[in-house]
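Below is one structure, written out as C-alpha cells, with a few remarks after it.
The values are calculated or read from the model by the stated rules, or taken from the named source; none is laboratory data. Small disclaimer: the values here were computed from a predicted structure and weren't measured. Note that we place each Cβ from the backbone using ideal geometry, even for glycine, and neighbour counts take in every protein chain shown.
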2 protein chains.
Amino acid sequence: MQTKLTQLLRIEHPVLQGGMAWIADAALAAAVSEAGGLGIISAMNAGADWVRGEIVKCRALTDKPFGVNVMLMSPHVEEVAAMLAEEKVPVVTTGAGSPGRYIKIWKEAGIKVLPVVASTAFAKLAERAGADAVIAEGCESGGHIGELTTMALVPQVVDAVNIPVVAAGGIADGRGLAAALALGACGVQMGTRFLVAKECRVSSEYKKKVLEAKDISTIVTGRRLGHPVRAIKTAYTARYAKAEADENFSAEALEELGVGSLRRAVEAGDAEEGCFLAGQIAGMVSREETAAEIVQDVVRGAEEVLEKLGKLR
Amino acid sequence: MQTKLTQLLRIEHPVLQGGMAWIADAALAAAVSEAGGLGIISAMNAGADWVRGEIVKCRALTDKPFGVNVMLMSPHVEEVAAMLAEEKVPVVTTGAGSPGRYIKIWKEAGIKVLPVVASTAFAKLAERAGADAVIAEGCESGGHIGELTTMALVPQVVDAVNIPVVAAGGIADGRGLAAALALGACGVQMGTRFLVAKECRVSSEYKKKVLEAKDISTIVTGRRLGHPVRAIKTAYTARYAKAEADENFSAEALEELGVGSLRRAVEAGDAEEGCFLAGQIAGMVSREETAAEIVQDVVRGAEEVLEKLGKLR
C-alpha cells in the first residue's frame with residue numbers, strides 16, 4: 001500500500017509507531033521498522049548520550065528508516081536536537097510545542113520532520129516552519145492529549161495544509177487505517193496496540209492492563225494543570241482525579257502526585273502507584289504479538305476493508 | 001450506495017439527520033427524507049399532540065420514510081411512545097436511556113427502532129432489548145455527549161453486536177461517511193451540517209455561529225451535573241464554565257443557568273444568553289445549502305473517496 005507517507009519516509013507500510021516516553025526504545029523501534037513500518041525511539045527527558053545510545057542500538061538491529069520523537073519541553077532538547085542532526089537520523093517527530101527553531105538544522109541534515117499537532121492552527125504553523133508532514137493526533141489517544149477527536153481533526157487538518165497528514169488516536173487495526181485514509185490522511189501512527197508487541201519492554205502488568213481493558217476503561221486526568229493525560233482507570237487515577245477535584249489540594253501537590261507514575265507502570269508494573277497510559281482503543285487490543293504481526297495485520301486488514309468498500313460503489 | 005441501513009430503513013442513501021431538540025421539526029425531516037436520507041423529528045420534551053402534529057406535517061410533505069427521536073427522560077415519554085405506535089411511524093431513534101420498555105409496542109407496530117448508544121455495554125443492552133440497529137455516537141458531536149470518540153467507539157460497537165451500526169459524531173462530508181463505512185458502520189447520522197440546511201429553521205445567528213466556527217470553536221460544559229454538552233464557545237458558555245468550576249455555585253443554580261438556553265439560541269438567536277449546540281466539525285461547515293444538496297454532497301463525496309481508495313489496493 002503506497003501512499004505519500006511511504007514515499008516520503010521510504011517505508012513499506014504507512015504505519016508509524018508512536019514515540020511513547022519510557023516505552024519506545026531501540027528494540028521496539030527496530031522491530032517496527034524491520035516490519036516495514038516506521039519505528040520511533042522516544043527521546044523523552046533524556047540527555048543526548050542516552051538517546052544516541054538508542055540510535056546506535058537501533059541501527060545495529062535494522063538498516064531500515066526509523067525515527068526519534070523529541071519532546072520539545074525536555075530540559076535537554078537543545079543538545080538532543082543537535083545530536084540528531086549529527087547522527088542524521090532518517091525521521092524526527094516532535095511533541096509538546098513548535099519545533100520551528102530546530103527544523104533548519106534537521107532539514108540540512110536530510111531529516112524528515114513530522115510534528116504532532118492537535119489543531120489546524122498548529123498544523124499550519126508546522127507547515128510554515130518547514131515540516132515535511134504533520135501527525136494529527138486525536139484526544140482518544142493515550143498519554144498527553146488535545147481536545148479534538150481524530151474523526152473531527154484529520155479532515156480539518158487535511159483541508160488546512162498542503163503537506164501530508166498522518167492520523168493518530170483511536171487506530172488499532174485495518175479498519176482504523178482504512179478510515180484514516182478515507183479522511184484524507186496518508187497513514188497512521190499507533191501507540192496503544194504496540195504497547196503489547198512482544199518487542200515492547202513494558203512490564204507484564206502494563207500489558208495485562210491493556211489486554212483486559214474495555215471500551216470505557218480509560219480516563220482523562222490533569223486538566224486542572226493544563227496537561228490532560230489519558231490512562232487506564234486504576235486506583236491511582238481515581239486518587240488523582242479526586243485530588244484534582246479538591247480545591248484544597250494544591251497544584252504543587254498534584255504535580256508531585258504525577259511524578260514517576262508512568263515509569264512505575266512501565267518498569268515495575270506497579271498496579272497501585274503506576275499510571276498506565278493508553279488510548280480508548282485499548283478495548284480492541286486483545287493479544288500480544290510481534291511488531292511484524294501487528295503491522296501485517298493492520299495493513300492486510302485495511303486492504304480487506306478497501307476491497308469490501310470498493311464493492312459498494 | 002446500498003448498505004444494510006438503506007435496506008433496513010428502505011431509504012436511498014445511508015444518511016440520517018440527527019433528531020436535534022428544538023431544531024429537528026417536520027420541515028427539516030421531510031426535506032432530508034425527500035432527498036433520500038432519513039429525516040428525523042425531535043419529540044424532545046413535547047407532549048404527544050405536538051409530536052403528532054409534526055408527524056402529520058411531515059407526511060404532508062413527503063411519502064418517504066422518516067423517523068422520530070424520543071428523549072427517554074421526557075416527562076411525556078409514555079404518551080409519546082404510545083402515540084408513535086398508533087401512528088406507525090417508520091423509524092424511532094431514542095436517546096438518554098434504554099428504550100427497552102417501549103420496544104415491544106413499537107416493533108408490533110412495524111417500527112424500526114435505533115437507540116443512540118455511547119458504549120459497547122449500551123449497544124449490547126439495546127440489541128438484547130430487540131433494537132433493529134444502533135447509532136454509535138462519539139463525543140465530538142454537538143449536544144449531549146458520552147466519553148468515547150467516534151473512531152474508538154464505532155469499531156468496538158461493531159464487534160460487540162450483530163445488528164447494523166450507524167456512526168454519528170464528527171461526520172460532515174463524504175470523507176466522514178467513507179471513514180464510517182471503513183470502521184464497519186453501515187451509514188451515518190449527521191447533526192451539525194444539517195443545522196445550516198436551508199430548510200432548518202434555527203435563527204440566522206445560530207447558522208452564522210456554525211458557519212464561522214473553527215476546529216477549536218466548541219467547548220464541553222455540564223460535566224459537574226453529569227450531563228456533558230458540547231456547544232459553540234460564547235460568552236454564555238464561558239460564564240457557565242466559570243460557574244461550574246466555582247464550588248460556591250450550587251448545582252441548582254447551575255441547572256437554572258442552563259434552562260431555556262438552547263431555545264434562546266434556536267428561536268431568538270440570542271448571542272448573549274443562548275447556547276448554540278454544535279459538534280467539532282462545525283469548522284468544516286461553510287455554506288448554507290438545501291438538505292438535498294447536503295445529502296448529495298455527502299454521498300457523492302463518499303463515492304469519490306471510495307474510488308480513490310480503490311486505487312491504493
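Among the residues here, B:N45 does not qualify as at pLDDT 95 or above, in contact with a Ser or Thr (Cβ under 6 Å, 6 or more places away or on another chain) and either over 22 Å from B:K107 (Cα atoms) or among the polar types (S, T, N, Q) (or both).
Need at least 1 residues that are closer than 21 Å to A:K308 by Cβ and outside the structural domain of A:L262 (by TED's automatic domain parsing) per element, so show me which helices (runs of 4 or more DSSP H) inside segment A:170-245 make the cut, counting only ones lying wholly within it.
Values: elements: A:174-182, A:192-195, A:204-212, A:235-245.
Fully inside segment A:170-245 and qualifying: A:174-182.
Any chance you could count how many residues in segment A:215-227 are on the phi < 0 side of the Ramachandran plot and either modelled with pLDDT under 95 or surrounded by fewer than 16 Cβ atoms within 10 Å (Cβ to Cβ) (or both)? Full working, then the answer.
Within segment A:215-227, the first condition is being on the phi < 0 side of the Ramachandran plot, and the residues that meet it are A:215-221, A:223-225, A:227.
Narrowing the set further to residues that are either modelled with pLDDT under 95 or surrounded by fewer than 16 Cβ atoms within 10 Å (Cβ to Cβ) (or both) leaves A:220, A:223-225, A:227.
Final tally of qualifying residues: 5.
Which residues, counting only those in segment A:1-27, are out of contact with any helix residue (DSSP H, G or I) (no Cβ under 8 Å at 6 or more places or on another chain) and within 14 Å of another protein chain (Cβ to nearest Cβ)? The answer is A:Q2, A:K4, A:L5, A:T6, A:Q7. Scanning segment A:2-36 for residues that are on the phi > 0 side of the Ramachandran plot and either touching a His at 6+ places or on another chain (Cβ under 6 Å) or of a type outside the set (D, E, K, R) (or both) gives A:W22, A:G36.
Taken over segment B:106-128, the criterion of being in a helix (DSSP H, G or I), of a type outside the set (A, V, I, L, M, F, W, C) and closer than 21 Å to B:V89 by Cβ is satisfied by B:K107, B:E108. Within segment A:37-56, the set of residues being out of contact with any strand residue (DSSP E or B) (no Cβ under 9 Å at 6 or more places or on another chain) and either closer than 10 Å to A:A26 by Cα or of a type in the set (D, E, K, R) (or both) comprises A:D49, A:R52, A:G53, A:V56. Quick check on my filter: what residues within segment A:262-294 are within 14 Å of chain B (Cβ to nearest Cβ), polar (S, T, N, Q) and under 20 Å from A:K198 (Cα atoms)? The one that is within 14 Å of chain B (Cβ to nearest Cβ), polar (S, T, N, Q) and under 20 Å from A:K198 (Cα atoms): A:S286.
Would you check which residues across segment A:152-166 are within 13 Å of chain B (Cβ to nearest Cβ) and either crowded, with 24+ Cβ neighbours inside 10 Å or outside any loop (DSSP other than H, G, I, E, B) (or both) and list them? Full working, then the answer.
Going through segment A:152-166, the residues within 13 Å of chain B (Cβ to nearest Cβ) turn out to be A:152-161, A:165.
Scanning segment A:152-166 gives A:A152, A:L153, A:V154, A:P155, A:Q156, A:V157, A:V158, A:D159, A:A160, A:V165.
What is the one condition in (1) in contact (Cβ under 8 Å) with a residue 24 or more places away in the chain; (2) farther than 14 Å from A:G19 by Cα; (3) out of contact with any Leu (no Cβ under 7 Å at 6 or more places or on another chain) that A:S141 does not satisfy? With (1) in contact (Cβ under 8 Å) with a residue 24 or more places away in the chain; (2) farther than 14 Å from A:G19 by Cα; (3) out of contact with any Leu (no Cβ under 7 Å at 6 or more places or on another chain) applied to A:S141, the lone miss is (2). B:D49 - would you say it is under 23 Å from B:S141 (Cβ atoms), acidic (D, E) and away from chain A (no Cβ under 14 Å)? No: the conditions fail for B:D49.
The residue of segment B:78-99 that is farthest from B:R10 (Cα to Cα), among those that are modelled with pLDDT of 95 or more and among the polar types (S, T, N, Q), is B:T94.
In segment B:250-277, of all residues being acidic (D, E) and assigned to a helix (DSSP H, G or I), the one that is surrounded by the fewest Cβ atoms within 10 Å (Cβ to Cβ) corresponds to B:E252. Only one entry in A:L195, A:L309 is of a type outside the set (D, E, K, R), away from chain B (no Cβ under 14 Å), within 29 Å of B:L312 (Cβ to Cβ) and in contact with a helix residue (DSSP H, G or I) (Cβ under 6 Å, 6 or more places away or on another chain), namely A:L195.
Within segment A:151-193, the set of residues being under 17 Å from B:M284 (Cβ atoms) and of a type in the set (D, E) comprises A:D159 only.
Here is a yes/no grid of residues against (1) buried (at least 22 other Cβ atoms within 10 Å of the Cβ); (2) in contact with a helix residue (DSSP H, G or I) (Cβ under 8 Å, 6 or more places away or on another chain):
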| site | (1), (2) |
| --- | --- |
| A:E108 | no, yes |
| A:A118 | yes, yes |
| A:A121 | no, no |
| A:A133 | yes, yes |
| A:S141 | yes, yes |
| A:L148 | yes, yes |
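All told, A:A24 falls short of being in contact with a strand residue (DSSP E or B) (Cβ under 7 Å, 6 or more places away or on another chain), farther than 23 Å from A:V299 by Cβ and crowded, with 19+ Cβ neighbours inside 10 Å. When B:G184, B:G176, B:G170 are checked against the criterion of being within 30 Å of B:A265 (Cβ to Cβ), of a type outside the set (K, R), touching an Asp or Glu at 6+ places or on another chain (Cβ under 9 Å) and facing chain A (nearest Cβ under 10 Å), a single residue qualifies: B:G170. Among the residues of segment A:136-151, those that are in a loop (DSSP other than H, G, I, E, B) and among the hydrophobic types (A, V, I, L, M, F, W, C) comprise A:C139, A:I145, A:L148. Applying the set (1) over 14 Å from B:G191 (Cα atoms); (2) within 14 Å of chain A (Cβ to nearest Cβ) to B:V259 leaves exactly one unmet item: (2).
When each of B:A30, B:A35 is tested for being modelled with pLDDT of 95 or more, touching a helix residue (DSSP H, G or I) at 6+ places or on another chain (Cβ under 7 Å) and more than 16 Å from B:V89 (Cβ to Cβ), the lone residue that passes is B:A35.
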